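Enquirer: Take a look at this one; I'll ask things after.
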Amino acid sequence: MHLLIVESPSKAKTLKKYLGGDFEVLASYGHVRDLTPKTGSVDTANEFAMKYEVIERNAKHVEAIARAVKKADDVLIATDPDREGEAIAWHLAELLKARRLLDSKPVRRVVFYEITERAVKEAVANPRDIAMELVNAQQARRALDYLVGFNLSPLLWKKISPGLSAGRVQSPALRLIVEREEEIERFQPREYWTIHLDSHKGRQKFSARLTQFAGEKIQQFSIENEARHAEVVAALNRAAPDGVRVAKVEKKRRSRQPAAPFTTSTLQQEAVRKLGFSAERAMRVAQQLYEGIDIGGGAVGLITYMRTDSVNLSQEAIEDIRGYIGKTFSGDYLPKKAVVYKSKAKNAQEAHEAIRPTAVKRTPESLKDHLNGDQHRLYEMIWKRALACQMAPAELDTVAVDIAVGEAVFRANGQTVAFDGFLAVYHEDTDEPSEEEEEAKLPPLAEGEVVPVDRLYGEQHFTQPPPRYSEASLVKSLEEYGIGRPSTYANIISTLLYDRENIGAYVVLEKKRFKPTPVGRLLNCFLTNHFDHYVDYDFTAQMEDELDDISNGERQWLPVMHEFWDDFATRLKEKDKVERGCRLDEACPKCGQPLFLQASKRGLFIGCSAYPECDYTRPFGEVVEEGGRVLGTDPATGLEVKLLNGRFGWYVQLGEGEGKAKPRRASWPKDRPVEAADLDTALVLLSLPREVGAHPETGKPIVASIGRFGPYLLHDGKFKSIPKAYDVYAIDLRQALEVLALPSGRRGGEDGAARELGAHPEDGKAVTVKSGRYGPYVQHGKLNATLPKDLKPEAITLEEALDLLAAKAGRDQAKPARATPRKRSPA
């Protein structure tokens, strides 16, 4: 009897079916041994000797395997085909040898990359020895992780706060997130304008963008402010009284190539983008598809091994896919030669196959009744990607039309799909879609043709900071930097998101984007100040290269361990004497000594390094300038303009108000950093709400302002959104009447008789201002509060609305409850 050992019980069931009664198939349930969880498990003074113990939860499975070995003629270990799987095989063999169960029995290693009958039987017929170079690479990785974690964590507890931990790979990943946040905070937006021309031919409308003016090519910042924009638009209007001329029509055809089949990294990225999965969820579902699903007649592996850096496909798989394309699609969809892909990933690991279906004939539709929702969606994505990678490129017809307006030139671009090719099956998603991806049609235009000018206008823009990392873009960056391995990315992310008791997580997800918490920033600050070498991206990637060299047999693992530990141990001793917390590039306002970011039971705070001689402290994140920052003086009123931080965020304020009257205020835009606040911008913000003029039909004023849904006009108690083509700060009466005459849109809150002021801080529900039968009022849920006569609906702020609602709620609670009338007894 042959004993075959695998990792998971579901895989064991599938293999038992393939191999028949001569085989006993048992599962180890993952790793069977690990380092003892205490100091000294890696003996740095004795050639890094490691002290292992059986993992408690798997002890009973080890016992079952030991009993089966006694009855077996030979032992085959078919754990996963990577370093981790090789290490599990070695640990199993070592445990069985220690019990003297293998003295007369051979132990061989079996490796397969897909769980199909052909692949499994072929692997069992061709076993090999355990590859010690792969085992040593895994042992080195485990020892490195242990030495960093067990030695650095106590220092963090001492210097920052108990419960903190650092990791060889998780800490550089945290650094990526923190540095992106710091980049966002430093970012200073820059204003620029684009000029557009709307025209039409027949019933088909189209738009063009200014590319050349006054003999110069228009760059991003060629038109930097509203005044310059107005000059350019005025000049263009003078040059185009009777239409504009088509100066040039350029047509091209370009090809778009299909994406390579999935690797672990690209599978995780695309599952996040397309399916809304987390990286961990994608890997869990992929494991189920790999290990086998019962599709009628027993379990079968539906995809190849899901931990791979390779984009290669076997010749057999390519022939299978090309055969399916040839039978299902017309001949144009099948390239003359098979498409070959090369890996671009840094530190690409063992040359496995890409992730693909084990049989392309198993279409997603045919498996729908056998898979759950997650399994079906992921399988469909893998199947389509593998099919598309061997299909013909898509052919796109692009048209570029130059339109002359005097000496200025506008360009209109159009794109249509001439031949869909692989797009008939699959389209790859991106984190930040570009305008070029959008398909747009232009009417047929000829050089010399004159077309009308429907509208000439400008659009104001501000440069945007780089976006926070999504799970997909973080995975992509980790791979590009060579930090960790794709198979570890899900674990890295879950470690950063783990909510530690009394400390919290190092990062949080806000709108599916990673944001570092204060404790995450403090940890990163300490590590980059004192262990910069070990959170350096190049160093982390270099360690991965060295582990690759070990697995390839090009280096021995012990010299790599010595090189790392000798320097790391020295650094640990040096840093035992450093101050608590993290030194900041900021001086104490009381004594001038450096400030430190530190942690206490109450949270993070900034304190002076001269403590106890200097007792200056402040909570982390508190505004330094408690009275606000003076931006300058309003030339019209002579009042000071300040930048302040209130309960609901940053805002600018004009003066201090007189008596009970509140000063004029305006929220500071969230897309502009407060560090860039200046007087000119503040005065523009404070100019709203402003009266544009009186409506000629009603005689009532038209007021322009900005709400949660953007710029709007208020007239006769009704709100109307201002289209992007108009500037809320400069819109005049004629333009306002044009906007009011437009058909009502569907944008909530500003096209009806209600305007949303923002979200209530307690429950996140909307607070709105409305016009009612008895006058304007604010509403939150079922609670209404009437506006006082001196407070106009177009001028009320969220803060003022919350005050009114709080006062109303207090009055309602003070009212005596109505007594329930008793039922009268019959006389």
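The values are calculated or read from the model by the stated rules, or taken from the named source; none is laboratory data. Worth saying up front: this structure is predicted, and the values here are computed from it rather than measured. No Cβ is skipped: glycine too gets one built from the backbone with ideal geometry, and neighbour counts run over all protein chains shown. Protein only, heavy atoms only, side chains kept; ligands, DNA and RNA dropped before computing areas. Shrake-Rupley method; radii C 1.70, N 1.55, O 1.52, S 1.80 Å.
Enquirer: Residues in segment 563-598 that are open to solvent by less than 70 Å² (accessible area, probe 1.4 Å) and either without any contact (Cβ under 8 Å) to a residue 24 or more places away in the chain or touching a Pro at 6+ places or on another chain (Cβ under 9 Å) (or both): how many?
Expert: So the count comes out to 9.
Enquirer: Could you list, in sequence order, all residues of segment 698-715 that are buried (at least 20 other Cβ atoms within 10 Å of the Cβ) and among the aromatic types (Phe, Trp, Tyr)?
Expert: Once the filter is applied, which keeps residues that are buried (at least 20 other Cβ atoms within 10 Å of the Cβ) and among the aromatic types (Phe, Trp, Tyr), segment 698-715 yields only TYR712.
Enquirer: Please state which of the following conditions LEU176 fails to meet, knowing it meets all the rest: (1) over 15 Å from ARG411 (Cβ atoms); (2) open to solvent by 60 Å² or more (accessible area, probe 1.4 Å); (3) not acidic (Asp, Glu).
Expert: So the condition that LEU176 fails would be (2).
Enquirer: Report, ordered by the first and then the second residue, all pairs with beta carbons closer than 6 Å, sequence separation of six or more or different chains, a first member in segment 300-321 that is open to solvent by 60 Å² or more (accessible area, probe 1.4 Å), and a second member that is at pLDDT below 95 and not in a loop (DSSP other than H, G, I, E, B).
Expert: ARG307/THR264; ARG307/SER487
Enquirer: Name every residue in segment 514-528 that is of a type in the set (D, E, K, R) and modelled with pLDDT of 90 or more, in order of residue number.
Expert: LYS515
Enquirer: Got at least one residue in segment 445-462 being modelled with pLDDT under 95, basic (Lys, Arg), open to solvent by 30 Å² or more (accessible area, probe 1.4 Å) and part of a strand (DSSP E or B)?
Expert: Yes, segment 445-462 contains at least one residue that is modelled with pLDDT under 95, basic (Lys, Arg), open to solvent by 30 Å² or more (accessible area, probe 1.4 Å) and part of a strand (DSSP E or B).
Each row is one residue, and each column tells you yes or no for (1) over 36 Å from the mean Cα position of the chain (by Cα); (2) over 19 Å from TRP557 (Cβ atoms); (3) touching a residue at least 60 places away in the same chain (Cβ under 8 Å).
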site: GLU7; (1), (2), (3): no, yes, yes
site: SER10; (1), (2), (3): no, yes, yes
site: LYS16; (1), (2), (3): yes, yes, no
site: ASP22; (1), (2), (3): yes, yes, no
site: ARG33; (1), (2), (3): no, no, yes
site: PRO37; (1), (2), (3): no, yes, no
site: GLY40; (1), (2), (3): yes, yes, no
site: ALA45; (1), (2), (3): yes, no, no
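Enquirer: Which one of these does LEU92 not meet: (1) over 24 Å from ASN136 (Cα atoms); (2) touching a residue at least 24 places away in the same chain (Cβ under 8 Å); (3) assigned to a helix (DSSP H, G or I); (4) not small (Gly, Ala, Ser)?
Expert: Only one criterion is unmet by LEU92, namely (1).
Enquirer: Mind listing just one residue for me: the one in segment 120-155 that is touching a residue at least 24 places away in the same chain (Cβ under 8 Å) and small (Gly, Ala, Ser) and, of those, surrounded by the fewest Cβ atoms within 10 Å (Cβ to Cβ)?
Expert: Residue satisfying both the conditions and the ranking: ALA131.
Enquirer: List every residue pair whose Cβ atoms lie under 6 Å apart, where the two residues are 6 or more positions apart in sequence or sit on different chains, the first residue falls within segment 798-813 and is within 15 Å of HIS760 (Cα to Cα), and the second residue, located anywhere, is open to solvent by 50 Å² or more (accessible area, probe 1.4 Å) and at pLDDT below 75.
Expert: Filtered contacts from segment 798-813: LEU798/PHE648; GLU799/PHE648.
Enquirer: Let me ask something else about it. Go over the candidates ILE5, ILE77, ILE65, ILE55 one by one and state the one that is open to solvent by 20 Å² or more (accessible area, probe 1.4 Å) and of a type in the set (Val, Ile, Thr).
Expert: ILE55
So that you can scan it fast, the table gives a plain yes or no per residue for (1) under 19 Å from the mean Cα position of the chain (by Cα); (2) among the acidic types (Asp, Glu); (3) within 22 Å of GLY581 (Cα to Cα):
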residue: LEU496; (1), (2), (3): yes, no, yes
residue: LYS512; (1), (2), (3): yes, no, no
residue: THR517; (1), (2), (3): yes, no, yes
residue: PHE531; (1), (2), (3): no, no, yes
residue: TYR537; (1), (2), (3): no, no, no
residue: THR540; (1), (2), (3): no, no, no
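Enquirer: A further question follows. How many of the residues making up segment 497-520 are surrounded by fewer than 22 Cβ atoms within 10 Å (Cβ to Cβ) and more than 17 Å from GLU270 (Cα to Cα)?
Expert: 16
Enquirer: Ok, one more. Going through segment 231-287 one residue at a time, which ones are of a type outside the set (Val, Ile, Thr), open to solvent by less than 50 Å² (accessible area, probe 1.4 Å) and assigned to a strand (DSSP E or B)?
Expert: Those that are of a type outside the set (Val, Ile, Thr), open to solvent by less than 50 Å² (accessible area, probe 1.4 Å) and assigned to a strand (DSSP E or B): ALA247, ARG256, PHE262.
Enquirer: State yes or no: is GLY20 at pLDDT below 95 and either of a type in the set (Phe, Trp, Tyr) or surrounded by fewer than 17 Cβ atoms within 10 Å (Cβ to Cβ) (or both)?
Expert: When the stated conditions are applied, GLY20 passes them.
Enquirer: Restricting to segment 525-541, name every residue that is part of a helix (DSSP H, G or I), in contact (Cβ under 8 Å) with a residue 60 or more places away in the chain and open to solvent by 10 Å² or more (accessible area, probe 1.4 Å).
Expert: CYS525, THR528, TYR534, TYR537
Enquirer: In segment 636-655, what residues are in contact with a Leu (Cβ under 8 Å, 6 or more places away or on another chain), modelled with pLDDT under 85 and outside any strand (DSSP E or B)?
Expert: PHE648
Enquirer: Let me ask something else. So, in segment 776-795, how many residues would count as being at pLDDT 75 or above, surrounded by fewer than 19 Cβ atoms within 10 Å (Cβ to Cβ) and outside any strand (DSSP E or B)?
Expert: The qualifying residues number 3.
Enquirer: Checking VAL339 against (1) closer than 30 Å to ARG254 by Cα; (2) of a type in the set (A, V, I, L, M); (3) open to solvent by less than 10 Å² (accessible area, probe 1.4 Å); (4) in contact with a Pro (Cβ under 9 Å, 6 or more places away or on another chain), which test does it fail?
Expert: Of the numbered conditions (1) closer than 30 Å to ARG254 by Cα; (2) of a type in the set (A, V, I, L, M); (3) open to solvent by less than 10 Å² (accessible area, probe 1.4 Å); (4) in contact with a Pro (Cβ under 9 Å, 6 or more places away or on another chain), the odd one out for VAL339 is (3).
Enquirer: Among the residues that make up segment 201-223, is at least one of them open to solvent by 30 Å² or more (accessible area, probe 1.4 Å), in a strand (DSSP E or B), in contact with a Phe, Trp or Tyr (Cβ under 8 Å, 6 or more places away or on another chain) and farther than 30 Å from ARG141 by Cα?
Expert: Scanning segment 201-223 turns up at least one residue that is open to solvent by 30 Å² or more (accessible area, probe 1.4 Å), in a strand (DSSP E or B), in contact with a Phe, Trp or Tyr (Cβ under 8 Å, 6 or more places away or on another chain) and farther than 30 Å from ARG141 by Cα.
Enquirer: Which count do you get for residues in segment 436-486 that are of a type in the set (Asp, Glu) and in contact with a strand residue (DSSP E or B) (Cβ under 7 Å, 6 or more places away or on another chain)?
Expert: Going through segment 436-486 one residue at a time, the tally reaches 5.
Enquirer: How many residues are out of contact with any strand residue (DSSP E or B) (no Cβ under 6 Å at 6 or more places or on another chain) and modelled with pLDDT of 80 or more if we restrict to segment 581-607?
Expert: Qualifying residue count, segment 581-607: 5.
Enquirer: Further question: How about segment 552-569: which of its residues are outside any helix (DSSP H, G or I) and within 12 Å of PHE48 (Cβ to Cβ)?
Expert: Across segment 552-569, the qualifying residue is only GLN556.
Enquirer: Do we have any residue at all in segment 275-292 that's of a type in the set (Gly, Ala, Ser) and more than 24 Å from the chain's Cα centre (by Cα)?
Expert: Scanning segment 275-292 turns up at least one residue that is of a type in the set (Gly, Ala, Ser) and more than 24 Å from the chain's Cα centre (by Cα).
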